[in-house]
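One structure below.
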Amino acid sequence: MSPLQALDYGLDPDRVTHTDSPLAAARRRLGGRYPIDPFGFDPHLSDLLVPVVTAVVRVDVGGGEHVPAHGPATLVSNRGFGVAEPAAVTVAVRRATGRRLRVVGASPLPFLSGLTRRLGAVSTSPRDLAGVLRAGHLVAVPLAPTWLRTGAGTPPLPLMQAMTRAPVVPVAVTPGGPLGTAIRPWRVRFGEPVVPDPGDEPGDPLAAARLAEAVRDAVADLLGRDRRPSAGTIAGEARSGRGPDRRE
Amino acid sequence: MRILVTGMGGEIGTRVAQYLEERAWADEIVGVDFVPPRRRLRRAEFRRIDPRDRDRLVGFVEDYAPQVVAHFGVYEPASRMSPASAAERTELCTVAALSAAVRGGRLEYVVVRSGLEVYGPRSYHATVPDEYVMPAPASPYGASLLEVEVAAARLRRRHGIPVAALRYAPVVGSHVPSPLGRLLRLPVVPVPACADPPFALLHPDDAALAMVRAIERRHDGPLNVVGPGAATPWQAVRLGGRVPLPVAPPLWGAATRGVEVLGAAVAPHVVELLRHGRVGAGARAVEILGLDGLRSTQQVLRELFEWADVVPIVPAREAVA
C-alpha cells in the first residue's frame, strides 16, 4: 500500500474521485481538513485550480491507453521554455486516466518552491524522484527545453537511474496552432511504454544511459509522426485506428 | 533475554517496557531513568538513577550485563528540561550506559532513539531524505541525536555489535511532553509568514512498537520511522481551531520569547520545523520492521487536538460557599 493511501478526508492523493462545491471547499480549507503529502503536494488545492488550468490549456489527447491506470510510471516529454507543456501533460493525464500527475522541476526559489510543490511539483533530485515512484505515483520528467519547441531535448541523465525502476511512457507535446502558437489545443500524444530491461540492476548507470537514449528516440519519433501529415494528423490517426481519445 | 531500557520514565520508554512484557522472549526487563515510569508495569523492574550520577549508572548497568540495550535516554530540549540540561543528560546517559553495557560482557544488540532532526533543514538534494542522505543537523537537538548515533556506531566498529538507530519523526501525543505538541495547543500559534512547509509526525505507540520490532528482527543500521502523510503549520493550526500568527523570518526570536511567556518553551529544532518542515522517507522501516499500521500524521494531530483542554476545577470550599 502506498503511504499516501492511508490519508483520509475522502481525497485520494493519486486519483481524482470527486470535487467539492465552492462552499464545501472553502469550509474544508478554513478547517484544515485536507491531506498533504511529504513532498508538499496538496491534492485539494490542485483540484480547486484544475478548472482554471483546463480553461487556459486546452488539449487533444492521443494514446491515452498507454498511461498506466495503476502503479508508478515516469512520463518523459519534450518541452519548450515555460510551463505550458507540463501543464498540458497534467491535464491530458487527468483526462485519460483520472490520475494526478507529479512534475519534476519544483522551483528552488523560497516562496515559489512551496507554491509549486503544493501543486504537485517535486525537486530535480534523484532521491525525491525515486521516493515519489516508490509511493506509486505518476511522475512527469521533461526533457531539456528546446528553442521553438522543435524536437526532443537532452534526457536528464542524473534522474535516469531513478527511472529504471518503473515503466517510462514517452510523450510528445506540440502546440496546435501554426508556427508553434497555442491558438488551437495542444496535442499530447502518449507512446508505448519503454520498459526497463528486467535483467538490469535498478540504478545501474549503463542501463540508465541506454534507457535515456531509448526514451529520447521514442519522444523524437512521436514528435516526428506528429509533424508528418500522413501519420501525425488526426486523419492519419484515424487510418491507423488510434485517433485522439477525447477533445475539449 | 536480558534487556535494559534506558529512559524508561518517559512516555515511549514506558510503552516499550509494556510491549516487551508481552513478549515471551524478553525474560528480564530492567529500566533506568531519573523519573519513574508513567504507567504500571507488571514484570519490568525500574531503578531511579539520574544520568548525572554517572558512577551509579555505570555500576548498575555493568552488574546487570544486558544482552540488549533499548536506548531511550535521549532527552528532547524544552520537553521536560532546559536545552542545556537535556543535552548534558543525553550525552552522559549514552556514554555511560553503552560503555558499561559492553563491559558487562554479554551485549548482543543495541537500538537507539534518534530523530529526523539529524538531517537538518530540507536540502535541494532531497526534500524527503531517506537513510542514505548524509546527516547534517542544524539544531542543537539534531547534533545531540547524531552524537548518540555516532557513540552507538562505535560499538559496531570496535566490538562488531549490530546497532540500529531509529530516526523518529517528531513524536506527539496527548501524554507526551513535547514542545511541538504544547505549542500547537496554544490559543495563538506562530506560523511562518512566507512559507508553509510539510512536516510529519509519529504516534508514541508506533514509536515504541518500532523499537520492539527492531529488537525482534535485529536490524542493523539507521531507519526513518515516520507516520504516513504530512501536515503543514498553517493547516495544523486551523485543524486544531487555533489562530495562526504569521511571523516574518527576522521576528522568530521575538515570537519564541512571546510564546514562552504564554507557557510553552520553544527550542530551536521546533522553530526549524515550523520554518523549513521536517519529513523523511519511511518506506524502509515499514518494510523491514513490518510497520503496516502506522498512524498517519493527520491522525496524530487530530488525537492531539481531541485531548481535553485543562479546565480549572472549582475548589470544594468555594463550591460549598
* Could you tell me whether segment B:99-113 includes any residue that is outside any loop (DSSP other than H, G, I, E, B), over 15 Å from the mean Cα position of the chain (by Cα) and free of Cβ contacts under 8 Å to residues at least 12 places away in the same chain? => no
* Here is a list of conditions, (1) in contact with a strand residue (DSSP E or B) (Cβ under 8 Å, 6 or more places away or on another chain); (2) more than 30 Å from B:F199 (Cβ to Cβ), and A:L159 meets all of them except one; can you say which number that is? -> (2)
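Report yes if B:R157 is within 17 Å of the chain's Cα centre (by Cα) and at pLDDT 90 or above, otherwise no.
Against the criterion (within 17 Å of the chain's Cα centre (by Cα) and at pLDDT 90 or above), B:R157 does not qualify.
Tell me, which strands (runs of 3 or more DSSP E) wholly within segment B:1-98 include 2 or more residues that are farther than 23 Å from B:A264 by Cα and in contact with a Leu (Cβ under 9 Å, 6 or more places away or on another chain)?
Values: elements: B:2-6, B:28-33, B:45-48, B:68-71.
Of the strands (runs of 3 or more DSSP E) lying wholly inside segment B:1-98, those with at least 2 residues that are farther than 23 Å from B:A264 by Cα and in contact with a Leu (Cβ under 9 Å, 6 or more places away or on another chain) span B:2-6, B:28-33, B:68-71.
Among A:P68, A:P86, which is under 15 Å from A:V169 (Cβ atoms), at pLDDT 90 or above and either more than 14 Å from chain B (Cβ to nearest Cβ) or part of a helix (DSSP H, G or I) (or both)?
Only one candidate qualifies: A:P68.
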* Within segment B:159-276, strands (runs of 3 or more DSSP E) holding 3 or more residues that are within 14 Å of chain A (Cβ to nearest Cβ) -> B:188-192, B:243-247
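Out of the residues in segment B:114-154 that are more than 20 Å from the chain's Cα centre (by Cα) and among the small types (G, A, S), state the one that is farthest from the other protein chains (Cβ to nearest Cβ).
B:S123
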* Asked: Would segment A:93-100 turn up any residue that is of a type in the set (V, I, T) and not in a loop (DSSP other than H, G, I, E, B)?
  -> yes
* **Complete set of residues in segment A:108-143 that are within 11 Å of chain B (Cβ to nearest Cβ) and either polar (S, T, N, Q) or part of a strand (DSSP E or B) (or both)** => A:S113, A:A121, A:V122, A:S123, A:T124, A:S125
* Structure fact -> Counting only residues that are without any contact (Cβ under 8 Å) to a residue 12 or more places away in the chain and out of contact with any Gly (no Cβ under 9 Å at 6 or more places or on another chain), segment A:66-84 contains a total of 1
* Subset of segment A:212-233 [at pLDDT below 85 and surrounded by 13 or more Cβ atoms within 10 Å (Cβ to Cβ)] -> A:L223, A:G224, A:R225, A:D226, A:R227, A:A231, A:G232, A:T233
* Structure fact -> Exactly one of A:T154, A:T164 is part of a loop (DSSP other than H, G, I, E, B) and either of a type in the set (V, I, T) or at pLDDT 90 or above (or both), and that residue is A:T154
* **Residue identified as among the hydroxyl-bearing types (S, T, Y), surrounded by fewer than 23 Cβ atoms within 10 Å (Cβ to Cβ) and over 17 Å from the mean Cα position of the chain (by Cα) among B:T232, B:T256** => B:T256
* Hits in segment B:164-202 - residues which are closer than 18 Å to B:R284 by Cα and either polar (S, T, N, Q) or surrounded by fewer than 22 Cβ atoms within 10 Å (Cβ to Cβ) (or both) -> none
* Tell me, please, whether a residue that is more than 22 Å from A:L11 (Cβ to Cβ), touching a Phe, Trp or Tyr at 6+ places or on another chain (Cβ under 6 Å) and either surrounded by fewer than 23 Cβ atoms within 10 Å (Cβ to Cβ) or hydroxyl-bearing (S, T, Y) (or both) can be found in segment A:153-161. => no
* If a residue has to be without any contact (Cβ under 8 Å) to a residue 60 or more places away in the chain and aliphatic (A, V, I, L, M) to count, how many in segment B:51-78 make the cut? -> 3
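The values are calculated or read from the model by the stated rules, or taken from the named source; none is laboratory data. Note that this is a predicted model, so its numbers are computed, not measured. Don't worry about glycine lacking a Cβ; one is built from the backbone with ideal geometry, like all the others, and counts go over all protein chains shown.
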